[in-house]
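Working notes for the structure below.
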Amino acid sequence: MGREGLTLAGLMMFGKGLAIRDRFSNFRMDYLDMSHLVGDERYHDRLTYDGLWENNLYQFFRIVSPKVQFDLPRPFKLEKGGKRNDDTPQHEAVREAFTNAIIHCDLMADAGILRIEKHDDRLCFRNPGLLKLPIEAIYRGGNSKSRNPKIQNMLRMIGFGENVGSGFPKIIAAWKETNWGEPQLLNKLDVDEVELVLPVPSTKAISDTAPANAPANAPANASVNATVNATVNATVKLNKTQKKILFLLHENKNATYDEIAKQLDIERTTVWRNIDAMKKKAVLRRVGGDKNGHWEVLLDIKIVD
């Protein structure tokens with residue numbers, strides 16, 4: 001006679017946080033965003049075991065996946081019927097990399113951490129447990145030895161994860177379409193861990209380069225409107241939040257994301273998102289390093305409503 005019950009895979013995938021911690025006290029999940037850091041910041045976004053979410057694999061994937069894909073380029077493309085499609089092979093590859101890290105986790109390791117890191121120039125997917133196939137065979141594809149086949153099946157049922165042996169070649173193929181660099185798959189014997197490193201475009205490096213026509217002697221105490229309208233070589237639209245941030249940075253070129261968020265009573269991620277948008281529009285740039293540098297409002301921009 002068959003019995004109904006919750007499998008360990010089901011618990012880890014969809015279970016409640018306390019029950020998971022009781023059964024898998026050795027295992028945890030961690031996401032760190034270490035991109036666009038300012039000053040002495042170690043990270044500006046983190047998801048770990050804080051009691052604010054159910055600590056299961058599905059929730060971790062659902063929350064972190066959009067975060068880790070946020071900065072990837074999304075070219076505008078319309079499908080038949082006028083529906084916008086801004087998904088790319090690179091976005092699909094990142095989700096595949098995330099899925100692979102989950103299904104190959106050694107959930108019974110003595111101190112296992114499924115860790116996803118976002119840097120200015122790379123994405124890192126780290127999972128406890130060594131590779132079960134030689135690296136050469138994984139690059140070739142066609143074979144797969146998942147450490148968690150039941151979790152793999154669950155992910156496929158909700159639309160994630162490729163067929164047997166095709167996931168990693170898909171990642172390689174997606175990255176070959178770009179000039180971002182070659183993915184690295186590392187079997188780290190010393191720490192019993194696998195790490196996949198995906199190089200990504202360094203938006204920070206690009207935005208930290210001043211435009212050729214940017215004046216070098218910005219007035220220190222002029223009002224924002226006078227400053228940004230001084231020499232009009234380009235026109236850019238800024239929202240209200242961006243204008244407020246621009247004013248604060250003009251008044252205090254050393255302001256941090258946290259200080260701006262506190263003064264404007266907004267979320268830190270909102271500050272980062274709007275600053276990043278202004279950097280890409282060449283309204284704002286970072287001069288010098290993260291610790292000793294400062295913000296500079298460029299002069300050759302006119303704000304229009």
**OP:** Evaluate E = 1/(1 + (r/R0)^6) for residue 252 and residue 179, where r is the Cβ-Cβ distance and R0 equals 30 Å; express this FRET efficiency to the nearest 0.05.
**Re:** 0.20
**OP:** Give, in nm to one decimal, the length gained when the segment between residue 280 and residue 292 is fully stretched (0.36 nm per residue of separation minus the Cα-Cα distance).
**Re:** 2.2 nm
Subject >> Label-point separation in nm, residue 70 to residue 268, each point 7 Å along Cα→Cβ >> reply: 1.1
Subject >> Overall form of region 112-202 per C-alpha gyration tensor (a/c, 1.5; a/b vs b/c) >> reply: rounded
Subject >> Estimated distance in nm for a label pair at residue 50 and residue 187, the labels positioned 7 Å out from Cα along Cα-to-Cβ >> reply: 3.7
Original post:
Taking only pairs that are 8 or more places apart or on different chains, how many Lys pairs in region 140-200 have Cα atoms under 23 angstrom apart?
Top reply: 4
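Counting other Cβ atoms within 10 Å of each Cβ, which trypsin sites (Lys or Arg not before Pro) in region 7-39 have at most 13 and sit in a DSSP loop?
Answer in residue order: 16.
Go through 118/262; 237/279; 243/281 and tell me which ones have a Cα-Cα distance over 18 Å in this structure. All intermediate terms of the calculation are to be shown ahead of the outcome.
Working: 118/262 24 Å; 237/279 13 Å; 243/281 13 Å.
Where the Cα-Cα span goes over 18 Å, the pairs concerned are 118/262.
Bear in mind that the values in this text are calculations on the coordinates, not laboratory data. Since the model is a prediction, treat every value here as computed from it, not as a measurement. Cβ: placed from backbone, ideal geometry, glycine included. Neighbour counts: every protein chain shown.
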